[in-house]
Amino acid sequence: MTMEATLPGHLQELRRGTVVVASLMVLREPGYGYSLLETLSAAGFEVEANTLYPLLRRLEAQGLLTSEWNTDEARPRKFYRTTEAGNAVTDVLVTEWARLNKAITDLDTTTGSRK
């Protein structure tokens, strides 16, 4: 197989976990799905709505997010917010991300770039 054939799958795997961490971080302040999509996109996380909304439901089922409907506007919107448990998980994941990033940087420095 060529790199062109396998790279998309590897990139998708790499991005999957980062979107979880980024979503939990952003939703420390209440937000709805579409605004989260915009915030993530502006930060460089390209994620589609058909990926994000199931993720939000899964994180809510895990107790990492809570949601409520805002019906004050003409169009009701579901707002999400990271729970206390979600904040704790986010802190651990961010710490682990920093550790892994340092390990990759150290490996790259130690072994040299093989471009």
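Considering only residues that are touching a residue at least 60 places away in the same chain (Cβ under 8 Å) and not charged (D, E, K, R), which ones fall in the range 19-47?
20, 21, 24, 25
For the range 58-66, does any single residue satisfy the condition of being small (Gly, Ala, Ser) and modelled with pLDDT under 95?
Within the range 58-66 (the criterion being small (Gly, Ala, Ser) and modelled with pLDDT under 95), the answer is no, since none of the residues qualifies.
Condition test on residue 74, is it loosely packed, with under 15 Cβ neighbours inside 10 Å, farther than 23 Å from residue 8 by Cα and of a type in the set (A, V, I, L, M, F, W, C)?
Yes, satisfied.
Residues that are at positive phi, exposed (fewer than 12 other Cβ atoms within 10 Å of the Cβ) and either not hydroxyl-bearing (Ser, Thr, Tyr) or not in a helix (DSSP H, G or I) (or both): does the range 11-29 have at least one?
No, the conditions are met nowhere in the range 11-29.
With (1) on the phi < 0 side of the Ramachandran plot; (2) under 12 Å from the mean Cα position of the chain (by Cα) as the list, and residue 38 as the residue in question, which single condition is left unmet?
Of everything listed in (1) on the phi < 0 side of the Ramachandran plot; (2) under 12 Å from the mean Cα position of the chain (by Cα), residue 38 misses just condition (2).
The conditions are (1) on the phi > 0 side of the Ramachandran plot; (2) surrounded by 13 or more Cβ atoms within 10 Å (Cβ to Cβ), and residue 94 fails exactly one of them. Which is it?
Exception for residue 94: condition (1).
Residue 60 passes all but one of (1) acidic (Asp, Glu); (2) touching a strand residue (DSSP E or B) at 6+ places or on another chain (Cβ under 8 Å); (3) surrounded by fewer than 16 Cβ atoms within 10 Å (Cβ to Cβ); which number fails?
(3)
Here are some residues: 34, 80. Which one is outside any helix (DSSP H, G or I) and touching a strand residue (DSSP E or B) at 6+ places or on another chain (Cβ under 9 Å)?
Answer to the selection: 80.
The values are calculated or read from the model by the stated rules, or taken from the named source; none is laboratory data. Here the structure is a predicted model, which means the values were calculated and not measured. All Cβ positions, glycine included, derive from the backbone under ideal geometry; neighbour counts span all protein chains shown.
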